[in-house]
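Note sheet for the following structure.
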Amino acid sequence: MEYHGGAVDGPPITFDGKSLEGPGPMDALLLAVAGCMAIDVQVILERSRVPLTGLRVEVEGDRAPTHPKRYTRIRLVYHLEGPEAGQRGKVERAVELSRDKFCSVLHSLRSDIEIEIDIQNH
């Protein structure tokens with residue numbers, strides 16, 4: 001139940017249905033949302049001249065009890081080092097912009113996405 005993949009010129013990642021050699025697909029989805037939003041927030045804060053010396057994001061999700069057991073709620077907690085208390089509004093705005101406009105991973109979870117599948121036997 002291990003599958004390897006990645007971008008053509010990028011490093012490989014292992015998806016493991018047993019979560020022994022890599023994250024399972026659902027954990028990878030959470031990590032992708034957290035990573036995408038963290039990158040957005042970092043870039044937005046840099047452009048806003050808000051000092052950032054550390055950023056860690058905790059992410060967890062609640063899943064539906066029946067199949068397809070999709071995520072019904074995702075929670076993110078941002079731990080930042082560097083911004084001063086007076087810059088809290090800029091930090092909140094950066095997170096909102098990521099959530100509402102920029103995070104392509106998060107917006108790829110929308111229900112209106114088209115899925116095309118082609119099956120080829122070799």
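The values are calculated or read from the model by the stated rules, or taken from the named source; none is laboratory data. Predicted model only: the values in this text are computed from it and were never measured. Don't worry about glycine lacking a Cβ; one is built from the backbone with ideal geometry, like all the others, and counts go over all protein chains shown.
Annotation note: Cβ proximity below 7 Å between a residue of the stretch 63-91 that is free of Cβ contacts under 8 Å to residues at least 12 places away in the same chain and a residue that is β-branched (Val, Ile, Thr) and surrounded by 10 or more Cβ atoms within 10 Å (Cβ to Cβ) (sequence gap 6+ or interchain) occurs for 64/72. Quick check on the stretch 75-89: of everything there that is surrounded by 16 or more Cβ atoms within 10 Å (Cβ to Cβ) and not hydroxyl-bearing (Ser, Thr, Tyr), which residue is nearest to residue 57 (Cα to Cα)? Applying the filter and picking the extreme gives 76.
Residue 91 meets each of the listed conditions (1) of a type in the set (A, V, I, L, M, F, W, C); (2) modelled with pLDDT of 95 or more; (3) within 14 Å of the chain's Cα centre (by Cα) apart from (3).
For the residues 45, 80, 55, the requirement of being among the aliphatic types (A, V, I, L, M), more than 18 Å from residue 30 (Cα to Cα), part of a strand (DSSP E or B) and at pLDDT 95 or above singles out 80.
Within the stretch 21-50, being of a type outside the set (Lys, Arg) and free of Cβ contacts under 8 Å to residues at least 12 places away in the same chain holds for 23, 24, 25, 27, 39, 43, 46.
Among residues of the stretch 1-56 being of a type in the set (Val, Ile, Thr) and more than 18 Å from the chain's Cα centre (by Cα), the one that is surrounded by the fewest Cβ atoms within 10 Å (Cβ to Cβ) is 8.
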